[in-house]
Each structure stands twice: as structure tokens, then as C-alpha cells.
Amino acid sequence: MALHPVLHTVTQRIIDRSRARRAAYLDHLHAAAQQGKVERAQLSCTNQAHAFAAMPDNIKIHLKEAHRPNLAIVSAYNDMLSAHQPLEAYPAWIKEEALKAGATAQFAGGVPAMCDGVTQGQPGMELSLFSRDVIAMSTAVALSHQMFDASLYLGVCDKIVPGLMIGALTFGHLPAVFVPAGPMTTGIANDDKAKVRQLFAEGKVGRDVLLDSECQSYHGPGTCTFYGTANSNQMMMEIMGLHLPGTAFVNPGTPLREALTRAAARQAAHIAAQGDNFTPVGRMIDEKSIVNAIVGLLATGGSTNHTLHLVAIARAAGIDINWDDFDELSAIIPSLTRVYPNGKADVNHFHAAGGMGFVIRELLSAGLLHEDVDTIVGHGLSAYANEPWLDNGTLKWRPAPAVSGDDSVLRTVADPFSPDGGLRVVAGNLGRAVIKVSAVKPEHRIVEAPALVFDDQNDMLAAFKRGELERDFVAVIRFQGPRANGMPELHKLTPALSILQERGFAVALVTDGRMSGASGKVPAAIHVSPEAVLGGSIGKVRAGDIVRLDAVAGTLEVKVPAAEWAAREQASADLAHNQFGVGRELFAVFRESADAAEAGAMSFHHPLWRN
């Protein structure tokens, strides 16, 4: 199938926009390889002796042989978080398989992994976004020993995979294989979970009922099963060719999961520098790969967080994308899935219905993905239209199902849930923002109502509990951007706003904060840029101003005469309480240097990454 003309146009525009930056990045990769960073043999004998002093004697023998690849293991394991708990067993498997493949593997370093589900609505959430940058730096520390010929990255959730990706691309002269843990098995129905949350928000059930419901939903090892940022990460790694095909949504604790993890180690050895299949990740991931990630995000109704993270990942590879690219592609990419919060099913249901192999085949057949890309299994994305299975214990791949197992969850390009991707840019005198409408009913996509202005999400929730929000309104939650307080997610607002919408009120949210992949049926213009603390127009809004959020026309306007609007003073806020406690004082340097949301909210000042 010929490539869709819009896909071609957007890709070419990104290539042209990125030309100088990408060339400089590739020059850096070439220089890194020339300096011997791929081979530990370039290190002095003292350096090397330090690096394998603690290894068993049989491993030391192999490490002394420069022709054998040495694989780095960089892991986000901890046993508090369900998504990362399964990673505990992976290093031993990887080391065993590396030896079988004629290689060695060392645990190079760990990276932090925090959970937005645990910190949601708490002060710790203000560390969340910048934990991505800490993870990228931690990855760099792990790989700085220059002992490795390829790397395996073990991580799953919200900021972890983007941080690992930024770190991997910084060491782009090394091959990279990403190794997921998979989703937990299905708990209670998502609708039931959401209903209990609403009942609790209304004061109709107690905390004991709420906790019991949540424990039935989040009940075992693996990723949360709704289609938020964590599972959007796994989709993106797969559609960018960084996983083994079909790896993303296989449950932990299964023979197939172990087989795929062991195979990932063998593949990393296969594409290391010593062999004929050398695949450095910085060359493998190019403009077409990044566009494929955007397409996958749109086709599956993925997390709005990736309008930040994917921009940052691309910049780490010398590639410059922006929200207009997302918006233009969204107009032509059909929505092929309905996974909570965009539907009732979870990712296990999606995987069983056909999963990523089905989605990739459909998009390729319609000319909506670039097939001519490099992946960790070779050239061409067609390999990812397959799914793994065990044939009497032997790992094999077969074509993904030709027919969806459930067309209420997964559909073809010829019969999509909607003709567009459901992610849009809105802009006007309030600034630029993104809105995810895939879960928003058409009748709620345009809201025009008086503004209620809050500088803290808890103030809005307090007003809700006092019964003051029983009316049409647009909640403007400002001073929530990267420079203000680290850009926390405001998902805590979802139950209250959902209740008011169900009661028949026209409600919407406008914020310079985040709303995450769990954003749902209430229209929310998020990531408003510029943010209030940098003088963005969101700081000019006053209570009672008429705000129009029109996701159909793509506008975000305050209906105030232009002269009055221009003359208005910018509001200020006391942010002192955001600067201390739960480690926030350690993150001041990130807040002070963060880029705008559309630039990825990056805190790094490398000239290749900043405008």
C-alpha cells in the first residue's frame, strides 16, 4: 500500500526541520564509537580489573576476550510497585542466556521508579515528571563505565521508559533492547471501579469500600491494566521496533513471558558491535520511527503524557517534533481500539482480541505506518505484525489474527471506531494546549461557560465538597506547569468533574498541568503553554470570564475584548509550599530550567535539545 500523503508530508517536514540537529547528533555517535566506547578493550587494564573484580572466574575469562559482547542490564526494579516487581528475576535469566549466546551480561545500574498511582494527588506527584530526567541521568551513570557492547533496559511505567529512552539515545552508539514486564491479570471491571470512586467522592460509601474496590483492581504483579501512560509506553516501544515482536502485553509469571525475556538477551548479543548485525539505537531510531510512535499513540488512544515524552525522546535523537505534527496526523489516523478509559475493556482484553500485531498490520496495510524502518530484529516493521507463542516450549512467531477477536475492543482500518485519532491541539488567546477527545462524547466536546479559577487542585475539590460547583463552569487550574511545581497530574479531579457532568452540567478543565493517560470523559485542555509562571495567558483569566473550549474547531478562547485582555495584569501565586517536603527541595534545579510543555518539559541544556 502506498504511503498516505499526509504521513509522507509530515515526515518530510520533520526530516527537514531536524536536518542540522540530527546530523550533529549522528556526528556525536560516530565520534563516540571511534573513541572506543563500544569496546571495553579500549579501557586500561586497571579500569577493566575494577569492572569485573567481583565476577565469577568463568565470567572473568570471557570478559577478558574483547570479541565477546558484554551486555549492560539497566533496571527499574523495585518490589513496591507492581509493574516493576516482576523484573527481579530478569537479570539472572539474561545472564544465563547471554552466556549461551557467547556473550556476558552485567547489572550496570538501577534507575528509580516511582508510581503516579501511588503519588496521585499527593506532594510526591510534583517529583514525577522530573523523575524522567533523573532516570535518564541514572542511565548515563550506569553506562559511563564504557564496559558494554549493547544494553537491555528493564522498565515499564510512566516516566521510566521515556527516561530510559533518553538515556539510551544519549548512548546511541550502543544497541538497545527494551524488556517489559507485562500487565497484571484482569481484576474487577473498570466501570465498577470508576463507579465506586464516584460514590466515594459523593460521600455515599466509606473509605473501607473504596480501598476494597481498589485492591480488587490493582491486585497482583504487573502493570495496571487500563490504557494509561505505562501501557502506552509499551505500545510505543513495540511500534518503534525496540521490543521483540508481540512482547508488550504478555502477562508476567507465565512461561511465554520468561521465554521472551530470555530471547531479548540473545537478541541483544546478536546485534552487538562484535557481530555482523550491529544495530546502534541512535541510528535505528530515526524520523520515521518517531512518526510511527505518534501514529501508534493516535490509533490506540494513548496517553496525552506522550505529547511531552515523545517530544523529549525525539530531541534526544536530534529530531524535532511539535504538537502540530500530532494534530495533523490525528486527522488521518483512525481509532482502532477501545480500551479503558476510552472503552470498557482492559489491555488484556485488547491483547487477546489481536493486540499490537493486529494494529500494526492494519496500519501498514493502509499506508499509515512507515514499513521501511530498522528494528532490533532487522529491517522492516512487518515483523511486528506477528505474535509470539510457545510450540512445545519453543518460542516461535506467527501472523497476528486476521480477524479481531472482539470488534467492541479492536477494529480494522476499514471499520474504525472513529476516522481520527482523537488527540487535538486547541489554541487561542489562552495559549496552546492538547485535548484527548477519544473518550469524550461529541455533545461534550464544546463547552462555553464562566471560568472558576483555582491555583491548587485541592481548592477545587474543597469547593466541590461544599456544594459550590453545581453549575456550568470551566475550571481553570493554573500554576501547575513544569516551572511552577513540576507539572503534576491532576487526575484526582476526574471523579468530581465526572459527577457534575453526569448531573447535566456543562463542565471542562483548562490547566497548565497534566491529566495523564487516565483522562476520560470530561473535556480537558491540558499542558496549556506558556504556563502561568512564565507569563502565559492562563494567568490572566478571572473568575466569571466566559471561556470557550471547542475541541471541534480547535480553539481555546477567553471571550474578553482584545484591548482589555492585553491590558490585564498577570496573576501571581505563592508557590513556597511547593518547594519543600517529600524531596521537592532537591528538584529546584529541574523546575528552574524546565522547557515549555510543547518542547518536552526537558530540564537539560544540551544545545542539541534546546530551541
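The values are calculated or read from the model by the stated rules, or taken from the named source; none is laboratory data. All of these numbers come straight from a predicted model, not from anything done at the bench. Cβ coordinates were reconstructed from backbone atoms using ideal geometry, including for glycine residues, and neighbour counts include every protein chain displayed. To get the accessible areas, we keep the full protein, side chains included, count just its heavy atoms, and leave off ligands, DNA and RNA. Shrake-Rupley method; radii C 1.70, N 1.55, O 1.52, S 1.80 Å.
Ratio of Rg to Rh for region 106-218, alpha carbon only, Kirkwood? Present the calculation step by step, with values, prior to reporting the outcome.
Working: Rg = 18.6 Å, Rh = 16.4 Å.
Taking Rh as the inverse mean 1/r over Cα pairs, Rg/Rh reads 1.13.
State the antiparallel share, in %, of DSSP beta bridges confined to region 357-487, rounding to the nearest 5. Display every interim value, and only then the final one.
Values: 14 of 18 bridges.
Roughly 80 percent of the DSSP beta bridges within region 357-487 come out antiparallel.
Quick one: check the C-alpha center-to-center distance for region 443-516 versus region 191-268, whole angstrom.
27
Read phi for every residue in region 130-137 and hand back ³J(HN,Hα) as whole Hz from Karplus 6.51 cos²θ - 1.76 cosθ + 1.60, θ = phi - 60°, with x for Gly and Pro.
6, 4, 4, 6, 5, 5, 4, 5
Would you grab the residues whose amide H sits under 5 Å from the one on S335? Only those 5+ places off in sequence or on another chain, please, with H modelled 1.01 Å from N.
Hits under the 5 Å cutoff: F417, S418, D420.
Nearest 500 deg cm²/dmol is fine: what mean residue ellipticity at 222 nm does the chain get from its DSSP H runs of n ≥ 4 alone, each adding -39,500 (n - 2.57), divided by its residue count?
Here the helix-only value at 222 nm equals -11000 deg cm²/dmol.
Compute the Kirkwood hydrodynamic radius of region 309-349, taking the inverse of the mean of 1/r over all pairs of distinct Cα atoms, and give it in Å to one decimal.
Radius from the Kirkwood sum: 12.5 Å.
Would you list the P(r) distribution for the chain, with all Cα-Cα distances sorted into 10 Å bins from 0 and each bin expressed as a whole %?
Computed distribution, short to long bins: 3, 17, 28, 27, 16, 6, 2, 0.
If you roll a 1.4 Å probe over the heavy atoms of the protein chains, what accessible area per residue do you get for region 206-283, in Å²? Present the calculation step by step, with values, prior to reporting the outcome.
Details: 2590 Å² over 78 residues.
Here the per-residue accessible area is 33 Å².
Tally the DSSP beta bridges in the chain and give the antiparallel ones as a percent, rounded to 5.
45
For region 521-611, what's the radius of gyration and Dmax over Cα atoms, in angstrom?
Values for region 521-611 (Cα only, Rg and Dmax): 16.3, 43 Å.
Taking all protein chains together and a probe of 1.4 Å, list K436, K521, K559 from the most accessible to the least accessible. It would help to have the intermediate numbers written out before the result.
Details: K436 15, K521 75, K559 120 Å².
The most accessible residue leads, giving K559, K521, K436.
Give me the accessible area of E470, 1.4 Å probe, in Å² rounded to the nearest 10.
Ignoring ligands and nucleic acids, E470 comes out at about 80 Å².
Calculate the dipole size of region 256-316 relative to its Cα centre from +1 charges on Lys and Arg beta carbons and -1 charges on Asp and Glu beta carbons; express the result in debye to the nearest 20.
120
With a 1.4 Å probe and all protein chains in place, put K441, K60, K492 in order of accessible area, largest first.
Per-residue accessible area, sorted high to low, gives K441, K492, K60.
Note down the relative contact order for the chain as a percent, whole number, built from C-alpha pairs under 8 angstrom at least six residues apart.
Once normalised by length, the contact order is 15 percent.
Among A576, S498, L509, which residue has its Cα positioned farthest towards the positive end of the charge dipole of region 484-607, with +1 placed on the Cβ of Lys and Arg, -1 on the Cβ of Asp and Glu, and the dipole taken about the Cα centre?
Result: S498, furthest along the dipole toward the positive end.
Under a no-solvent Debye model with one identical scatterer per Cα of region 279-357, what's log10 I(q)/I(0) at q = 0.16, 0.23 Å⁻¹?
The computed values of log10 I(q)/I(0) come out as -0.67, -1.08.
How much accessible area does L364 have with a 1.4 Å probe, in Å² rounded to the nearest 10?
L364 has an accessible surface of roughly 30 Å² with all protein chains in place.
Which value results for Rg/Rh of region 338-410 when Rg is the Cα radius of gyration and Rh the Kirkwood radius based on the inverse mean 1/r?
That ratio is 1.02, to two decimals.
To the nearest 10 square angstrom, how much accessible area does S217 have with a 1.4 angstrom probe?
Only protein atoms counted, so the area is about 10 Å².
Please report, in debye to the nearest 20, how large the charge dipole of region 565-611 is about its Cα centre when each Lys and Arg carries +1 at its beta carbon and each Asp and Glu carries -1 there.
With Lys and Arg at +1 and Asp and Glu at -1, about 60 debye.
Got the relative contact order for region 1-144 handy, in percent, Cα pairs under 8 Å and 6 or more residues apart?
Answer for region 1-144 is 18 percent.
Å³ per residue of the Cα convex hull, for region 356-487?
On the way: hull volume 32.1 nm³, N = 132.
Normalising the Cα hull of region 356-487 by residue number yields 243 Å³.
If you rank C157, C215 by how much accessible surface each has, with a 1.4 Å probe, what is the order from largest down?
Details: C157 20, C215 75 Å².
Most to least solvent-accessible, the answer reads C215, C157.
Highest first, please rank the peptides 594-601, 396-403 by the mean number of other Cβ atoms sitting within 10 Å of their residues.
594-601, 396-403
Which FRET efficiency, nearest 0.05, do K60 and D276 yield, Cβ-Cβ r, R0 25 Å? Don't jump to the answer; show the numbers that get you there.
Details: r = 27 Å, r/R0 = 1.07.
Computed FRET efficiency for K60 and D276: 0.40.
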